[in-house]
Amino acid sequence: METAEILKKIRSLEIRTRGLVETAFAGDYHSVFKGRGMNFEDVREYQPGDEIRAIDWNVTARMGTAFVKKFTEERELTVMLVVDVSASGNFGSKTQSKRELAAEVACLLAFSAIRNNDKVGLLLFTDRVELFIPPKKGRSHTLRIVREILFFEPQSRGTDPAVALDYLNNVVTRRSVVFFISDFQAPDFSRPLAVTARRHDFVALRIEDERERVFPNVGLITLEDAETGEQIEINTANRATRTSLSETVQRQETEVSRTLRRNNIDSIKLRTGEDYLPALRAFFKQRERRMAIR
């Protein structure tokens, strides 16, 4: 793709997602993802009604009158976008591929983060770590992240999320908000997932395409595994065959859901060709209500 085309696509994506951020999404993001805590700022004289536990006894003893500590919320977050760029993401039966949907959602999250003055980093993976961009602030940094998600050419075609999570756990030591964007078509990676979920605020975004779970009756077809190149021939006119394929996919999805629940990980399902904003907003509203109860 020519440079002009790349810039045009990035600009188009920025305009589309920035509009969503400004009008509908940023408030949801801000209300759900809080800063790391409260920072000590200064002391001031005690006033009636102040919390007694806030009294700074050292200053009080030195000054001979009561002083309380002043705190400010540490708002700044570190957001890591961990995006699966394996070959299975190139599939799409609608107007967009799974990778294109992942890129647009990642872009929306990135612009929401910088609007809240948060740092954003990126980790692209296949069965290896393909690219790591350390968290930073700023529009130009975010546009670089978007460009890489859209146009990065991975060296490998396979998928191994365990490699990506082990790497993330080693290089990102500060607690972060991790958006893990993948179709989850991968071997078991529950161990590093559990470690990451304990260290970070982990949110799984599961990208899927309807044709991967519902097979139409189109007769004899050849299916190819995008990651291994392995091919099989199936007869979709056979109802039992279609049912068997759908049940296999359902079992895999159930196992992923069970693993995420076991590790108390929030999950959002997104489907190609469908508006993703309602699903994202519903997730944030649900999470906000849950936080209010605690």
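For segment 58-69, check the following and say yes or no: at least one residue is among the basic types (Lys, Arg) and either open to solvent by less than 30 Å² (accessible area, probe 1.4 Å) or at pLDDT below 70 (or both).
So the first thing to find is which residues in segment 58-69 are among the basic types (Lys, Arg), and the list is 62, 69.
Add one more test, that the residue is either open to solvent by less than 30 Å² (accessible area, probe 1.4 Å) or at pLDDT below 70 (or both), and what stays is none.
Within segment 58-69, not a single residue is among the basic types (Lys, Arg) and either open to solvent by less than 30 Å² (accessible area, probe 1.4 Å) or at pLDDT below 70 (or both).
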Candidate set from segment 127-180 (those that are small (Gly, Ala, Ser) and touching a strand residue (DSSP E or B) at 6+ places or on another chain (Cβ under 7 Å)); member that is surrounded by the most Cβ atoms within 10 Å (Cβ to Cβ): 164
Hits in segment 275-294 (condition: free of Cβ contacts under 8 Å to residues at least 60 places away in the same chain and among the charged types (D, E, K, R)): 275, 289, 290, 294
Qualifying helices (runs of 4 or more DSSP H) (wholly inside segment 99-201; at least 1 residues being at pLDDT below 90 and among the polar types (S, T, N, Q)): 139-151
Count of residues meeting criterion [over 10 Å from residue 79 (Cα atoms) and in contact (Cβ under 8 Å) with a residue 40 or more places away in the chain] in segment 113-148: 13
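What about residue 203, is it in contact with a helix residue (DSSP H, G or I) (Cβ under 9 Å, 6 or more places away or on another chain) and farther than 27 Å from residue 274 by Cα? Can you show your working first?
On the way: in contact with a helix residue (DSSP H, G or I) (Cβ under 9 Å, 6 or more places away or on another chain): yes; farther than 27 Å from residue 274 by Cα: no.
So residue 203 does not fit the description; no.
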Number of the exception - residue 243 against (1) touching a helix residue (DSSP H, G or I) at 6+ places or on another chain (Cβ under 7 Å); (2) surrounded by fewer than 13 Cβ atoms within 10 Å (Cβ to Cβ); (3) assigned to a helix (DSSP H, G or I): (1)
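Right, residue 206: basic (Lys, Arg), open to solvent by 40 Å² or more (accessible area, probe 1.4 Å) and closer than 24 Å to residue 270 by Cβ or not?
Values: basic (Lys, Arg): yes; open to solvent by 40 Å² or more (accessible area, probe 1.4 Å): no; closer than 24 Å to residue 270 by Cβ: yes.
No: the conditions fail for residue 206.
Residue by residue, here is whether (1) aliphatic (A, V, I, L, M); (2) part of a helix (DSSP H, G or I); (3) at pLDDT 80 or above; (4) open to solvent by 40 Å² or more (accessible area, probe 1.4 Å) holds:
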{"residue": "216", "(1), (2), (3), (4)": "no, no, no, yes"}
{"residue": "226", "(1), (2), (3), (4)": "yes, no, no, no"}
{"residue": "232", "(1), (2), (3), (4)": "yes, no, yes, yes"}
{"residue": "247", "(1), (2), (3), (4)": "no, yes, yes, yes"}
{"residue": "254", "(1), (2), (3), (4)": "no, yes, yes, yes"}
{"residue": "264", "(1), (2), (3), (4)": "no, no, yes, yes"}
{"residue": "273", "(1), (2), (3), (4)": "no, no, yes, yes"}
{"residue": "281", "(1), (2), (3), (4)": "no, yes, yes, yes"}
{"residue": "284", "(1), (2), (3), (4)": "no, yes, yes, no"}
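The values are calculated or read from the model by the stated rules, or taken from the named source; none is laboratory data. Nothing here was measured: the structure is a model prediction, and the numbers come from that model. Virtual Cβ from ideal backbone geometry, glycine too; neighbours counted across all protein chains shown. These accessible areas exclude ligands, DNA and RNA; they are computed on the full protein's heavy atoms, side chains included. Shrake-Rupley method; radii C 1.70, N 1.55, O 1.52, S 1.80 Å.
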